[in-house]
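Data block below; observations after.
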């Protein structure tokens with residue numbers, strides 16, 4: 001079986017590591033994987049380092065779209081992916097998550113009748129103002145095989161009339177977190193390098209454009225973080241978009257207080273292994289990232305979600321996370337509540353750590 005795997009953004013590169021590892025360890029004589037990198041994330045710190053760290057096979061193709069508007073970026077990806085699919089003649093295309101690379105792969109493949117396998121299918125925020133929501137819905141409704149990480153995702157697909165080729169398989173990111181946790185502790189030097197002690201800091205990430213590009217939301221978030229820093233060290237690995245936006249969108253007085261605060265440690269984008277270590281040893285996690293929400297749960301850390309909704313409803317329903325949106329008072333209140341009464345229940349809702357192997361077996365049976 002020949003598969004074409006399309007990746008483009010940092011989370012997809014990490015997710016692809018689980019499938020590539022399963023193929024290498026269990027199906028190397030049965031599956032040929034051709035990796036296509038769209039170039040959606042093109043900064044070395046956001047892309048190449050992950051291939052090196054996670055031992056992912058080098059992409060055979062790199063479309064190199066770079067940073068453009070949604071329309072231009074997606075159009076260039078569709079053109080590039082279609083050309084590759086016509087050349088490679090795969091049995092199926094494998095797509096991850098909900099980025100423009102996902103949408104482009106789904107459109108390109110469906111138009112030339114190549115079966116689509118969607119990993120992380122069925123997730124819904126029920127907020128169509130999010131580009132990711134449109135991407136994941138379109139991909140799901142074009143797909144032949146849909147692998148949902150959660151029972152809720154599976155139910156979402158059924159509710160939308162997708163009843164064949166769907167699976168509740170667990171989460172490939174849980175596979176990765178289990179596999180790389182010990183490796184990360186041995187290889188990463190991030191705690192020593194930054195002088196951090198276990199559970200002596202709060203980890204925070206902010207990257208979604210509706211937070212970084214809207215001054216009111218960005219200022220509210222950082223006003224809350226400034227208050228939290230009065231009692232706890234904050235560690236912020238900054239996405240390039242956020243770093244740029246701080247200079248443009250933060251009130252000058254707030255910008256000065258944040259950047260000159262010894263209790264707010266601003267770092268460059270963290271590698272995957274460094275990020276695992278930062279998550280495992282933090283006391284709490286504050287984020288607008290879907291992936292980081294899950295990883296906080298994997299490592300049993302309370303999480304504040306800087307969005308108005310989440311695709312990972314189970315972690316909120318079990319009390320391990322709180323949706324605060326970009327609301328200064330709600331962020332501070334939730335932080336104080338978790339500090340006084342941290343969650344104790346982290347039920348097994350993301351599978352058994354063998355999702356990638358399950359996916360490979362089902363693809364082989366189908367194709």
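Yes or no: segment 168-186 includes at least one residue that is without any contact (Cβ under 8 Å) to a residue 12 or more places away in the chain and assigned to a loop (DSSP other than H, G, I, E, B). There is no residue in segment 168-186 that is without any contact (Cβ under 8 Å) to a residue 12 or more places away in the chain and assigned to a loop (DSSP other than H, G, I, E, B).
The residue of segment 81-105 that is nearest to residue 66 (Cα to Cα), among those that are assigned to a helix (DSSP H, G or I) and more than 19 Å from the chain's Cα centre (by Cα), is 81.
Looking at this structure, is residue 256 farther than 30 Å from residue 12 by Cα and either in contact with a strand residue (DSSP E or B) (Cβ under 9 Å, 6 or more places away or on another chain) or free of Cβ contacts under 8 Å to residues at least 12 places away in the same chain (or both)? Spelling it out, residue 256 is indeed farther than 30 Å from residue 12 by Cα and either in contact with a strand residue (DSSP E or B) (Cβ under 9 Å, 6 or more places away or on another chain) or free of Cβ contacts under 8 Å to residues at least 12 places away in the same chain (or both). Taken as a whole, segment 196-212 holds at least one residue that is over 20 Å from residue 336 (Cβ atoms), in a strand (DSSP E or B) and touching a helix residue (DSSP H, G or I) at 6+ places or on another chain (Cβ under 6 Å). Of all residues in segment 268-291, those satisfying the criterion of being touching a strand residue (DSSP E or B) at 6+ places or on another chain (Cβ under 6 Å) and modelled with pLDDT under 95 are 269, 270, 289.
Does segment 110-129 hold any residues that are touching a strand residue (DSSP E or B) at 6+ places or on another chain (Cβ under 7 Å) and in a loop (DSSP other than H, G, I, E, B), and which are they?
114, 115, 120, 121, 122, listed by residue number.
Considering only residues in segment 60-74 that are without any contact (Cβ under 8 Å) to a residue 24 or more places away in the chain and not in a loop (DSSP other than H, G, I, E, B), the one that is surrounded by the fewest Cβ atoms within 10 Å (Cβ to Cβ) turns out to be 71.
Looking only at segment 130-160, which residues are assigned to a loop (DSSP other than H, G, I, E, B) and under 23 Å from residue 354 (Cα atoms)? Explain how you work it out, then say what you get.
So the first thing to find is which residues in segment 130-160 are assigned to a loop (DSSP other than H, G, I, E, B), and the list is 130, 143-144, 149-150, 160.
The answer is 143, 144, 149, 150.
Restricting 322, 292 to residues that are crowded, with 22+ Cβ neighbours inside 10 Å and touching a residue at least 12 places away in the same chain (Cβ under 8 Å) narrows the list to 292. Scan segment 116-125 and give yes if some residue there is free of Cβ contacts under 8 Å to residues at least 40 places away in the same chain, more than 22 Å from residue 39 (Cβ to Cβ) and buried (at least 19 other Cβ atoms within 10 Å of the Cβ), otherwise no. No, every residue in segment 116-125 fails to be free of Cβ contacts under 8 Å to residues at least 40 places away in the same chain, more than 22 Å from residue 39 (Cβ to Cβ) and buried (at least 19 other Cβ atoms within 10 Å of the Cβ).
The values are calculated or read from the model by the stated rules, or taken from the named source; none is laboratory data. Everything numeric here is computed off the predicted structure, so don't read it as measured data. So basically every Cβ, Gly included, is an ideal-geometry build from the backbone, and we count neighbours across all protein chains shown.
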